[in-house]
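Asker: Please see the structure below; I have some questions.
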Protein chains: 2
Amino acid sequence: MSDSKVFGEIPGFPIGSTFRNRGEASQAWVHRPPRQGISGNRRDGANSIVVSGGYADDEDLGSEIIYTGAGGNDPRTKRQIADQSLDQPGNAELVTSQLQGLPVRVLRGAGGDPNFSPKSGFRYDGLFRVSDHWSQIGRDGFRIWRFRLEALSIEETQGWRPELPEGTPVPKRLRSMVTRVVRSTEVSNSVKRMYSDSCQICGVVLNVPGRTISEGAHIRGLGRPHFGPDTPGNILCLCPNHHTLLDSGGIYITDQLEVRSMHHDALTSLKVAPGHILDADHLRYHREIFGFEDPRL
Amino acid sequence: MSDSKVFGEIPGFPIGSTFRNRGEASQAWVHRPPRQGISGNRRDGANSIVVSGGYADDEDLGSEIIYTGAGGNDPRTKRQIADQSLDQPGNAELVTSQLQGLPVRVLRGAGGDPNFSPKSGFRYDGLFRVSDHWSQIGRDGFRIWRFRLEALSIEETQGWRPELPEGTPVPKRLRSMVTRVVRSTEVSNSVKRMYSDSCQICGVVLNVPGRTISEGAHIRGLGRPHFGPDTPGNILCLCPNHHTLLDSGGIYITDQLEVRSMHHDALTSLKVAPGHILDADHLRYHREIFGFEDPRL
């Protein structure tokens, strides 16, 4: 089995295992690539990363890490010298891990945040999930992609403990769980009622026994790090498909309320009920974090 | 504020609070209706239920309850004497609570499972989520609808503790969280690859930066109480909209692989890739649990 397929904990290397250098971590299968910070491939996802202070914009909060994607930095100065793209190797891997709910092994190295990093070498700090990604202009004035990683609980980690059939040299890839969290609030329910559960983009109504289904989609996300408000001006009534596309940057909405694909094709006009006033700031924020609008311009 | 809108814990009545009779529970706002077992309305969802042995098919496992929907039973003998429908008052409320992720207060009454029920009167046993619903033929030979309720953790319950602005007589309805759990397995990934993420029902491919998105939909659910297998014959590659419809019984699939609406309209033929052999038993199971096929015939 290829090294890029080994997800979850590596038998014999529990949380806290230390490695003198990257070569030892690679031999242990905990982080295979000798140099890159992100291990994996685009199709299967990232299975491990190294956090060691190589990017100025990394933020380490212990059980949560805001990790900077790959590319655009000068390895000597650790400063960004160019925009990053989601298509850069490493970044697409982390998007796949988020969408597939795959666990990512996190290694911290001596150069990272002194509160959480080993004094020397590298330490395996457990499995994390990728719970969000967005872009912004980093400290050095270039576009960076940021990935939020959250530590799995002990229970969740145990769910990823591989079963080892006799003779298996490396763990099997196990079942993963993807949870799409759809926040339902009294405010989003009021927006959904304005449209009788009809999608503001395609008009579809999902009929199931006993009721109709739609989702209240926050344009600027609630909670960290987006801090969008739970107000009608920040909520759209969408079908699950268009909610998925909006949340992943597959579509965006112009100030003229035109819905466009990520390739900038005009798809349709957003249907807006009388009295539902959308906040242009939140639409712009959504365009900015997915790279459809440049906040530097 | 109407009684049917009060979701979450009632201040002053923590877990374990006891009531001599239904009248006391009603006065406390813990379970308002004087007689019905399910409180709430179809639009807002169920906010409380009583489990007291009124239905022969109830199963109480402590932190999990398989609750029988309303209707069709003889209150004197507690036996089912007619089929239940999801449209019956009470049942639609529980479906709304499931789809909206709303917490349901559970009262146990004497008369329920002796392992978990009070010796007399009624006891408030905390908040539960409705995690699933399906139908089957009950002990007495009639169709019943069953709802799985799972106790919230202490942390989740605290997330539902109401903020009480000054002068608010009853708690505000708070934000709820709905999590759609989409299991992604190596097997479902292999099915998704057979279709290059194109929905087997509508053909759509969701394009987002860096990848395409589809969902592996288990026809017969994994885990309790369905125990469906994680095999290609039990998995469809669907878009989130059609996955939602399949999981909620808004559509079903015939043995001839015709996709039908819940009103039995033929919608389209399922697209099936060469070599993807679907298991007719699982398609029938899905039809049975949503009432589209009668296992008694």
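Every number in this text was worked out from the coordinates using simple rules, so none of it is lab data. Please read these numbers as outputs of a predicted model, since none were measured by experiment. Reconstructed Cβ throughout: ideal geometry from the backbone, glycine too, with neighbour counts over all protein chains shown.
Asker: Under the definition of Cα pairs under 8 Å and six or more residues apart, what whole-number percent is the relative contact order of chain B? The partial results should precede the final answer.
Answerer: Numbers: 611 pairs, mean separation 43.6, N = 297.
The normalised contact order for chain B reaches 15 percent.
Asker: What is the stretch B:44-154's relative contact order, in percent, from Cα pairs under 8 angstrom and six or more apart in sequence? It would help to have the intermediate numbers written out before the result.
Answerer: Working: 256 pairs, mean separation 36.1, N = 111.
Averaging sequence separation for qualifying contacts and normalising by length gives 33 percent for the stretch B:44-154.
Asker: Over the Cα atoms of the stretch A:1-53, what is the Rg over Rh ratio if Rh follows Kirkwood? Walk me through the numbers before you get to the answer.
Answerer: Numbers: Rg = 10.7 Å, Rh = 11.5 Å.
Reported Rg/Rh, Kirkwood definition of Rh: 0.93.
Asker: Sticking with this structure for a sec: Neighbouring Cβ atoms within 10 Å as the yardstick, rank B:F290, B:F116 fewest first. Mind dumping the intermediate values first?
Answerer: On the way: B:F290 23, B:F116 15.
Placing the least packed residue first, the sequence is B:F116, B:F290.
Asker: The stretch A:43-140: percent of C-alpha pairs farther apart than 24 Å? Display every interim value, and only then the final one.
Answerer: Working: 896 of 4753 pairs.
In whole percent, the long-distance tail amounts to 19.
Asker: Okay, next question. Apply the Karplus parameterisation 6.51 cos²θ - 1.76 cosθ + 1.60, with θ equal to phi minus 60°, to every residue of the stretch B:82-88 and state each ³J(HN,Hα) to the nearest whole Hz, in sequence, with x for glycine and proline.
Answerer: 7, 5, 8, 10, 6, 7, 5
Asker: Name the residue from A:I154, A:G16, A:P33 whose Cα lies farthest towards the positive end of the charge dipole of the stretch A:3-159, charges +1 on Cβ of Lys and Arg and -1 on Cβ of Asp and Glu.
Answerer: A:P33
Asker: Would you check the protein assembly as shown for Lys pairs whose C-alpha atoms are within less than 24 Å, ignoring same-chain pairs closer than 8 in sequence, and give me the count?
Answerer: So the count of such lysine pairs works out to 10.
Asker: What residue among B:V130, B:V205, B:V30 has the largest mean-square fluctuation in a Gaussian network model of chain B, using Cα springs under 10 Å?
Answerer: Top of the fluctuation ranking is B:V205.
Asker: Over the alpha-carbon set of the stretch B:95-154, divide Rg by the Kirkwood Rh and report the Rg/Rh ratio to two decimals. Mind dumping the intermediate values first?
Answerer: On the way: Rg = 13.5 Å, Rh = 13.1 Å.
My calculation puts Rg/Rh at 1.03.
Asker: So, one more: List the distances, in nm and shortest first, from the label point of B:D113 to the matching label points in every other copy, placing each point 7 Å from Cα along the Cα-to-Cβ direction.
Answerer: Result for B:D113, in nm, nearest copy first: 4.3.
Asker: Then there is this: Residue by residue, what Karplus-based ³J(HN,Hα) values in Hz, rounded to whole numbers, does the stretch B:280-297 have, using 6.51, -1.76 and 1.60 with θ = phi - 60° and x for Gly and Pro?
Answerer: The phi angles translate into 4, 4, 6, 4, 5, 4, 4, 5, 5, 6, 9, x, 8, 9, 9, x, 7, 8 Hz.
Asker: For chain A, list log₁₀ I(q)/I(0) at each q in 0.16 Å⁻¹, using the Debye formula over Cα point scatterers of equal strength and ignoring solvent, two decimals each.
Answerer: After summing over all Cα pairs, the log10 values are -1.23.
Asker: At a Förster distance of 30 Å, what's the computed FRET efficiency of B:S153 paired with A:D113, Cβ-Cβ distance as r, to 0.05? Could the numbers behind the result be given before it?
Answerer: Numbers: r = 30 Å, r/R0 = 1.01.
About 0.50, to the nearest 0.05.
Asker: Here is a follow-up. How long, wide and thick is the stretch B:186-289, going by the Cα atoms along their three principal axes, in whole angstroms, largest first?
Answerer: 39, 29, 25
Asker: How many angstrom lie between the Cα centre of the stretch B:1-40 and the Cα centre of the stretch A:2-41?
Answerer: If we compute the Cα centre of each part, the gap is 54 Å.
Asker: If we hang a label 7 Å off Cα along the beta carbon direction at B:R79, how far is it from the matching labels on the other copies, in nm, shortest first?
Answerer: From this label point to the equivalent ones elsewhere in the assembly: 8.6 nm.
Asker: Would you mind listing how long the stretch B:247-297 runs along its three principal axes, going by Cα atoms, in whole Å with the largest first?
Answerer: 33, 21, 19
Asker: Please build a GNM for chain B, connecting alpha carbons under 10 Å apart, and tell me which residue among B:V208, B:V259, B:V272 fluctuates the most.
Answerer: Comparing B:V208, B:V259, B:V272 in the GNM, the peak value goes to B:V208.
Asker: Let me ask something else about it. Distances from A:P274 to the same residue in each other copy, label points 7 Å out along Cα→Cβ, in nm, shortest first?
Answerer: Those label-point separations list as 5.8 nm.
Asker: Under 10 Å, Cα contacts only: if you run a Gaussian network model on chain A, which one of A:G210, A:G53, A:G45 comes out with the highest mean-square fluctuation?
Answerer: Maximum fluctuation in the GNM of chain A, among the listed residues, is at A:G210.
Asker: Tell me, what does the Kirkwood hydrodynamic radius of the stretch B:1-94 come to in angstroms if you use every pair of distinct C-alpha atoms?
Answerer: Working: mean 1/r = 0.0699 Å⁻¹.
Evaluated over the stretch B:1-94, this radius sits at 14.3 Å.
Asker: Shifting gears a bit: Taking amide hydrogens as modeled 1.01 Å from N in the peptide plane, which residues meet the under 5 Å criterion relative to B:G40, leaving out close sequence neighbours?
Answerer: Sorted by chain and number, the residues that satisfy this are B:N47.
Asker: Follow-up question, since we're still on this one. Go through the stretch B:90-106 residue by residue and turn each phi into a ³J(HN,Hα) via Karplus (6.51, -1.76, 1.60, θ = phi - 60°); whole Hz please, and just put x for glycine and proline.
Answerer: x, 5, 4, 4, 5, 4, 4, 4, 5, 5, 9, x, 8, x, 10, 6, 10
Asker: Dividing the alpha-carbon Rg of the protein assembly as shown by 2.2 N^0.38 Å yields what?
Answerer: Values: Rg = 25.5 Å, N = 594, 2.2 N^0.38 = 24.9 Å.
Relative to the 2.2 N^0.38 Å estimate, the protein assembly as shown comes out at 1.02.
Asker: Which FRET efficiency value, to the nearest 0.05, is calculated for A:F227 and A:R43 with the Förster distance at 41 angstrom and r the Cβ-Cβ distance? Spell out each step's value before the answer.
Answerer: Numbers: r = 34 Å, r/R0 = 0.82.
About 0.75, to the nearest 0.05.
Asker: To the nearest Å, what is the center-to-center distance of the stretch B:87-106 and the stretch B:238-278, using C-alpha atoms only?
Answerer: 25
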